[in-house]
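Trainee: One structure is given below, represented as structure tokens, and several questions about it will come after.
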Amino acid sequence: MQRPPQGAEDVELIPAPRAVEEPTGPGVPLGPGTTLWAAAGTERTERWLRATLGAALNLPLRPGPPDARDGVRLLLDDTLAPEAYRLTARAGDGVEIRGGGPAGVFWGAQTLRQLLGADAFRRAPLRPAAALSVPAGAVEDAPRFRWRGLLLDVARHFMPKEGVLRYLDLMAAHKLNVLHLHLTDDQGWRIEIRRYPKLTEIASWRSRTKFGHRASPLWDEKPHGGYYTQDDIREIVAYAAERHISVVPEIDVPGHSQAAIAAYPELGNTDVVDTAALSVWDTWGISSNVLAPTDTTLRFYEGVFEEVLELFPADAAEFSAFVHVGGDECRKEQWTESVTAKTRIADLGLTDEDALQSWFIGHFDAWLAARGRRLIGWDEILEGGLAPGAAVASWRGYAGGVAAARAGHDVVMCPEQYVYLDHRQAPGDDEPVPIGFVRTLEDVYRFEPVPAGLTEEEARHVLGTQANVWTEVLEDSARVDYQAFPRLAAFAEVAWSPLPAPADRDYADFERRMSAHYRRLDALGVAYRPPTGPRPWQRRPGVPGRPIEGPPPSR
């Protein structure tokens, strides 16, 4: 059986740290006179502590000397790994957070926040003054995986900027460090590209929306849309960087592109369909309207990516050099019928339409690499070969991740059968718009990101893992909250903590710690799914979904 770290029985932290020293003696009191000293390199955490803990608990945290009695100290320690930290609390000596790098100090501050109770997660103090104390002891911690990601699909249902900033705060509270922002799809284009204004004038909104699964007879007849201005994107990236979170943009090619074709018909297969008659897609599924493999299309998307690279600088955070190009679910019917596509295949000496897609992805792989960036795409990009520097997000189970790691590619594991959080959380009829497999909180907690059968060298290519929140049936932020939480807390522990094999994980201990964590989520205003099931207003009676029966395949 898994054993909690020493002292963890009294410290309800999520994700679970590597080691907790048994609390002994009085804690460290915090109050209006508590000072904060921050060494060079810890400025982001210093700002966050004053702005967040200071506002929640009425703590000014004024600057003070490093040896102030019961003060708070932040410093770097090069004997620790970059994201590792050591938090110590001793009465008289104060609270000290040492990090191997600036990110490590920040993750230590997240732990300090949890140690101060649920009220530390509010935006203003509940009372004029309260007795605060940090339990005496020490927490030693470091993440298992470097890439601990969350995908937000803002293309199917747009999430306004404030919602994205809120989710960055929720990610930071759970020590997640990569936001994968799914910005374009058949149903909408969500980023301003100044040289192509029709992408926001036309492609950013649809006239109506299917309500429920694509087989549903129900429609929401009002227009839906929205996009981020370039300044919005800069703000999101900067806000994320302050929290040591990388933002990885996804611009889908060559499939999932009907919205772009509706705005610029020349991007589509004009010798097969009347692309000028297309509109932004109003239903779900996989559209047959894909990009034409022409020089016009290549130059257009090079222009798109030029602006994307300027908005998402490579040095903003650890994984900021990555750009996601989609590459999944590209239907080939139009290419099969297109003389232009057949000519391109012949001119390039390719075998078929699958090889044509590989060529298309390879073009942007080389284009991005020439500009110091790294391409990442869904596991379909492996088909036909892939340049050495490209990385793979394995979504169709574990097989793509295994193949990629064995071929020497870095991998992010996000198999749909385990960590697609739009999938239903229970088999009951009360679950709103039931989609996909039943993935309970315990199922997510027992997810193992490293595929079985990899050698030690191959396993090193697993950068980490990512939970994906697709929004076809998530029409607003409350639905996103319901699907993401509390399962995102379990996922965060899988991504961060050194857990044993899935069957040996102590889910009962996790549930015990979640009893405290629900209070934190309440303070944060998260509309999570209660352990007892959905509240009446969280249900969607009569809205058809697409449940998948039976257990998911094993890894």
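The values are calculated or read from the model by the stated rules, or taken from the named source; none is laboratory data. Note that the structure is predicted; figures quoted are calculated from it, not measured. Reconstructed Cβ throughout: ideal geometry from the backbone, glycine too, with neighbour counts over all protein chains shown.
Trainee: Can you find a residue that is more than 24 Å from I286 (Cα to Cα) and at pLDDT 95 or above anywhere in region 247-260?
Mentor: So far as region 247-260 goes, yes, one or more of its residues are more than 24 Å from I286 (Cα to Cα) and at pLDDT 95 or above.
Trainee: Here is a follow-up. Can you pull out every residue in region 35-57 that is on the phi < 0 side of the Ramachandran plot and either more than 25 Å from the chain's Cα centre (by Cα) or in a strand (DSSP E or B) (or both)?
Mentor: Within region 35-57, T35, L36, W37, A38, A39, A40, R50, G54, A55, A56, L57 meet the criteria.
Trainee: Among the residues of region 387-405 satisfying the criterion of being in contact with an Asp or Glu (Cβ under 7 Å, 6 or more places away or on another chain) and either among the aromatic types (F, W, Y) or in a loop (DSSP other than H, G, I, E, B) (or both), which is farthest from L454 (Cα to Cα)?
Mentor: A387
Trainee: On to the next question. How many residues does region 87-143 hold that are in contact with a Pro (Cβ under 9 Å, 6 or more places away or on another chain) and polar (S, T, N, Q)?
Mentor: Of the residues in that region, 2 qualify.
Trainee: Tell me whether region 474-484 contains one or more residues that are acidic (D, E), over 26 Å from A120 (Cβ atoms) and either outside the structural domain of I435 (by TED's automatic domain parsing) or buried (at least 17 other Cβ atoms within 10 Å of the Cβ) (or both).
Mentor: yes
Trainee: Under the condition of being in a loop (DSSP other than H, G, I, E, B) and touching a residue at least 60 places away in the same chain (Cβ under 8 Å), which residue from region 364-385 is surrounded by the most Cβ atoms within 10 Å (Cβ to Cβ)?
Mentor: R373
Trainee: Check off (1) among the charged types (D, E, K, R); (2) assigned to a loop (DSSP other than H, G, I, E, B); (3) under 17 Å from A38 (Cα atoms) for E96 and give me the number that stays unchecked.
Mentor: Failed condition: (2).
Trainee: Still on this model: Within the group E162, E192, which residue is within 26 Å of the chain's Cα centre (by Cα), without any contact (Cβ under 8 Å) to a residue 60 or more places away in the chain and under 30 Å from R513 (Cβ atoms)?
Mentor: Details: E192 fails: under 30 Å from R513 (Cβ atoms).
Exactly one residue qualifies, and that residue is E162.
Trainee: Picking from T79, T35, T88, which residue would you name as being of a type in the set (S, T, N, Q), modelled with pLDDT of 95 or more and closer than 25 Å to R127 by Cα? Outline the logic, then answer.
Mentor: Values: T79 fails: closer than 25 Å to R127 by Cα; T88 fails: closer than 25 Å to R127 by Cα.
Selected residue: T35, the only one of T79, T35, T88 that is of a type in the set (S, T, N, Q), modelled with pLDDT of 95 or more and closer than 25 Å to R127 by Cα.
Trainee: Residues that are buried (at least 18 other Cβ atoms within 10 Å of the Cβ) and under 26 Å from D354 (Cβ atoms): does region 305-315 have at least one? Step through it out loud before you land on a result.
Mentor: Residues of region 305-315 that are buried (at least 18 other Cβ atoms within 10 Å of the Cβ), as a first pass: 305, 308, 311-312.
Narrowing the set further to residues that are under 26 Å from D354 (Cβ atoms) leaves 305.
There is at least one residue in region 305-315 that is buried (at least 18 other Cβ atoms within 10 Å of the Cβ) and under 26 Å from D354 (Cβ atoms).
Trainee: Hey, R513 hits all of (1) under 30 Å from P388 (Cα atoms); (2) of a type in the set (D, E, K, R); (3) more than 18 Å from the chain's Cα centre (by Cα) but one; which does it fall short on?
Mentor: Answer for R513: the failing condition is (1).
Trainee: Being of a type in the set (K, R), under 18 Å from L474 (Cβ atoms) and either part of a helix (DSSP H, G or I) or in contact with a Pro (Cβ under 6 Å, 6 or more places away or on another chain) (or both) is the filter here, so list the residues in region 514-540 that pass it.
Mentor: Filtering region 514-540 down to residues of a type in the set (K, R) leaves 519-520, 529, 535, 539-540.
After this cut, where a residue has to be under 18 Å from L474 (Cβ atoms) as well, the list is 529, 535, 539-540.
Scanning region 514-540 gives R539, R540.
Trainee: Please enumerate the residues belonging to region 270-280 that are farther than 15 Å from R156 by Cβ and either among the β-branched types (V, I, T) or surrounded by 24 or more Cβ atoms within 10 Å (Cβ to Cβ) (or both).
Mentor: T270, V272, V273, T275, listed by residue number.
Trainee: Starting from residues that are free of Cβ contacts under 8 Å to residues at least 40 places away in the same chain and assigned to a loop (DSSP other than H, G, I, E, B), keep the ones in region 271-299 and report whichever is farthest from T343 (Cα to Cα).
Mentor: Looking at residues that are free of Cβ contacts under 8 Å to residues at least 40 places away in the same chain and assigned to a loop (DSSP other than H, G, I, E, B), I get L278.
Trainee: Being under 24 Å from the mean Cα position of the chain (by Cα), assigned to a loop (DSSP other than H, G, I, E, B) and under 30 Å from M159 (Cβ atoms) is true for just one of T471, T465. Which residue is that?
Mentor: T471
Trainee: Oh, and also: Could we say that L179 is at pLDDT 95 or above, outside the structural domain of T45 (by TED's automatic domain parsing), in contact with a Cys (Cβ under 8 Å, 6 or more places away or on another chain) and crowded, with 17+ Cβ neighbours inside 10 Å here?
Mentor: When the stated conditions are applied, L179 does not pass them.
Trainee: Which one of these does E457 not meet: (1) crowded, with 20+ Cβ neighbours inside 10 Å; (2) part of a helix (DSSP H, G or I)?
Mentor: Going through the list (1) crowded, with 20+ Cβ neighbours inside 10 Å; (2) part of a helix (DSSP H, G or I), E457 breaks only (1).
Trainee: For the condition closer than 30 Å to I376 by Cα and crowded, with 18+ Cβ neighbours inside 10 Å, what is the one hit in L74, L87, L80, L115?
Mentor: L80
Trainee: Within region 146-157, which residues are in a loop (DSSP other than H, G, I, E, B) and surrounded by 21 or more Cβ atoms within 10 Å (Cβ to Cβ)? Full working, then the answer.
Mentor: Here is the first cut: in region 146-157, the ones in a loop (DSSP other than H, G, I, E, B) are 146, 154-157.
Once the filter is applied, which keeps residues that are in a loop (DSSP other than H, G, I, E, B) and surrounded by 21 or more Cβ atoms within 10 Å (Cβ to Cβ), region 146-157 yields V154, A155, R156, H157.
Trainee: Pairs please, first residue from region 454-477 and closer than 19 Å to R539 by Cβ, second anywhere and at pLDDT 95 or above and aromatic (F, W, Y), Cβ atoms under 6 Å, 6+ apart in sequence or on different chains.
Mentor: E472/W284
Rundown of residues vs (1) among the aromatic types (F, W, Y); (2) out of contact with any Lys or Arg (no Cβ under 6 Å at 6 or more places or on another chain), yes/no style:
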residue	(1), (2)
W147	yes, yes
V154	no, no
H157	no, yes
K161	no, yes
D169	no, yes
A173	no, yes
L179	no, yes
L183	no, no
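Trainee: Find the residue count for region 434-453, including only residues that are acidic (D, E) and either out of contact with any helix residue (DSSP H, G or I) (no Cβ under 7 Å at 6 or more places or on another chain) or under 30 Å from G542 (Cα atoms) (or both).
Mentor: Of the residues in region 434-453, 2 are acidic (D, E) and either out of contact with any helix residue (DSSP H, G or I) (no Cβ under 7 Å at 6 or more places or on another chain) or under 30 Å from G542 (Cα atoms) (or both).
Trainee: Could you count how many residues in region 58-67 are in a loop (DSSP other than H, G, I, E, B) and either surrounded by fewer than 17 Cβ atoms within 10 Å (Cβ to Cβ) or not assigned by TED's automatic domain parsing to the domain that holds P125 (or both)?
Mentor: 4
Trainee: Out of the residues in region 216-257 meeting the condition of being of a type in the set (G, A, S) and assigned to a strand (DSSP E or B), tell me which one is nearest to W205 (Cα to Cα).
Mentor: This residue is G225.
Trainee: Can you find, within region 1-20, the residue that is modelled with the lowest pLDDT among those that are farther than 12 Å from D509 by Cα and surrounded by fewer than 18 Cβ atoms within 10 Å (Cβ to Cβ)?
Mentor: Q6
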